[in-house]
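First the structure, then my questions, so here it is.
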Amino acid sequence: MKWFDLGGVRMLDIDGTHPYVAAHVHVLGRYLDAPFSDGALVGFPTPENVVVCPLDGVNPGFALATLEGLVWHRVDNGAKAISRQVFW
């Protein structure tokens, strides 16, 4: 798990070597250091990767476009791709 900045948008990568990484979406409060009252965007590009973007303090449209670009890149270049969709 690591935080990173992509184009001014703060994101969290949750990775693992097992196919159940996506289950972490049910306990995001453990990983996010803010109350994320505006929600979060979440992408599931591969079985071993979840990308989360808390929306507090960021333009939702810009965050969506940024996260979509990352998710699409990982789907196109990763093994066992799941989905290009981003969820709120």
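Please treat every number below as a calculation from the coordinates, not as lab data. Here the structure is a predicted model, which is why all the values come from computation and not from measurement.
Over the chain, what is the relative contact order in whole percent, taking alpha-carbon pairs under 8 Å and six or more residues apart?
Numbers: 154 pairs, mean separation 26.0, N = 88.
Over the chain, the number comes to 30 percent.
Here is a follow-up. Given (1) 13.3; (2) 12.9; (3) 14.3, which label gives Kirkwood radius over Cα pairs in Å as computed from the coordinates?
Of the listed options (1) 13.3; (2) 12.9; (3) 14.3, (2) comes from this structure.
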